[in-house]
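The values are calculated or read from the model by the stated rules, or taken from the named source; none is laboratory data. Note that the structure is predicted; figures quoted are calculated from it, not measured. FYI the Cβ positions are ideal-geometry reconstructions off the backbone, even for glycines, and counts take in every protein chain you see. Note: areas computed on protein heavy atoms with side chains; ligands, DNA, RNA excluded. Shrake-Rupley method; radii C 1.70, N 1.55, O 1.52, S 1.80 Å.
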Amino acid sequence: MSLGQELAPHLPFLRRYARALTGSQTHGDAFVRATLEAIIASPESFPRNVDPRLGLYRTFHAIWSTANIEEGEEPSSSFGGHEGIAQARLSRVTPLSRQALLLTALEGFSHDDTAYLIGATPDDVDKLVAEALEEIERQTLSDVLIIEDEPIIAMDIETIVRDLGHNVTGVAVTRDEALAQARQNPPGLVLADIQLADDSSGIDAVKDILAEFAVPVIFITAFPERLLTGTRPEPTFLITKPFREDAVKAIVSQVLFFDQQAKRRAPA
């Protein structure tokens with residue numbers, strides 16, 4: 001099997017991670033493209049002493065770390081030929097603690113593998129994850145609208161969101177109901193399933209809401225690879241079904257982290 005064939009099944013999930021890490025489909029996909037370009041340019045440098053997925057993420061993190069921009073430095077548009085890569089000062093936007101949390105909670109890497117990926121020790125990873133979780137507890141609370149037609153799944157999500165301290169404004173099961181609830185109680189965050197009870201689309205429900213409100217969105221799907229091709233405008237934040245509680249917590253926290261960063265930068 002060629003290296004490309006070995007890596008192909010892991011690319012959608014690297015896109016998921018890169019988008020969650022950067023808070024942007026454009027930036028995340030640009031880093032993934034730069035990673036693939038680096039592998040193609042120098043396949044002999046790809047780490048072959050580890051699992052292909054681990055090697056892929058390790059190469060990604062090597063690209064990520066070299067693109068970090070120091071305080072006061074102006075972003076460059078020349079890195080890797082992709083204009084969007086360094087438009088934000090990503091070294092300050094996504095701290096190492098959040099990288100460790102996303103790698104363990106969202107991507108399911110062990111603490112040993114995460115240590116390998118970020119150039120740390122397993123003890124460092126323990127401390128970084130604990131630091132990220134402490135930050136989550138201090139995070140500004142938000143009003144959350146859940147769009148999910150499976151009652152048990154909706155209850156699970158609602159419990160996780162409430163345990164984080166957030167307020168659930170409602171649980172909608174159809175496109176029309178989602179928009180009506182958003183109008184009644186404008187949310188600060190939306191968690192949306194893709195397929196809804198009346199065969200309507202959660203994506204369309206979100207489009208309706210975004211036409212009236214500026215609100216961050218997390219999509220929930222059993223088929224994330226269908227929304228992670230990198231070939232068209234796609235969701236930035238995805239949770240895979242069946243989901244783990246720590247993955248939901250990590251993504252909710254990351255979305256609100258970027259939303260708060262954007263509000264701080266917005267002109268008064």
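K249: which aspartates and glutamates have alpha carbons under 16 Å from its alpha carbon, excluding same-chain residues fewer than 8 sequence positions away?
E107, E131, E134, E135, E137, D143, D156, E158, D163, D259
Averaged per residue, what accessible area in Å² does the chain show with a 1.4 Å probe, protein chains only?
I get 47 Å² per residue for this part.
Using Cα pairs under 8 angstrom and six or more residues apart, how large is the relative contact order of region 89-171, in percent?
Relative contact order comes out at 23 percent.
Amide H of G170 versus every other amide H placed in the peptide plane: which residues, excluding those fewer than 5 positions away on the same chain, fall under 5 Å?
Here the answer is I146, since their amide H atoms fall under 5 Å of that of G170.
Please return the longest stretch of the chain lacking exposed loop sites, where trypsin sites (Lys or Arg not before Pro) count only if DSSP places them in a loop and at most 14 other Cβ atoms lie within 10 Å.
49-243
Where is the GNM fluctuation largest for the chain (alpha-carbon springs, 10 angstrom cutoff): E158, E134, E245?
Result: E134 has the largest fluctuation of those listed.
Can you give me the % of accessible surface on the chain that is carbon or sulfur? Probe 1.4 Å, all protein chains present, nothing else counted.
Its accessible area is 52 percent carbon and sulfur atoms.
Counting only C-alpha contacts under 8 Å and six or more residues apart, can you give the relative contact order of the chain as a whole percent?
Relative contact order of the chain: 19 percent.
Consider all pairwise Cα distances in region 128-260 and report the whole-number % of them above 22 Å.
Of all Cα-Cα distances in region 128-260, 31 percent exceed 22 Å.
Of S45, S97, S253, which has the largest mean-square fluctuation in a 10 Å C-alpha GNM of the chain?
S45
Please report the antiparallel percentage of the DSSP beta bridges confined to the chain, to the nearest 5.
Expressed as a percentage, antiparallel bridges in the chain total about 5.
Which whole-number percent gives the relative contact order of region 180-239, counting Cα pairs below 8 Å spaced six or more residues apart?
33 percent
With a/c under 1.5 counting as rounded, go ahead and sort region 105-144 into rounded, prolate or oblate using the C-alpha gyration tensor (a ≥ b ≥ c being the square roots of the eigenvalues; past the cut-off, prolate if a/b is larger than b/c, else oblate).
In terms of gyration-tensor shape, prolate.
Per residue of the chain, what 222 nm ellipticity follows from adding -39500 (n - 2.57) for every DSSP H run with n ≥ 4, rounded to the nearest 500?
For the chain, the value works out to -16000 deg cm²/dmol.
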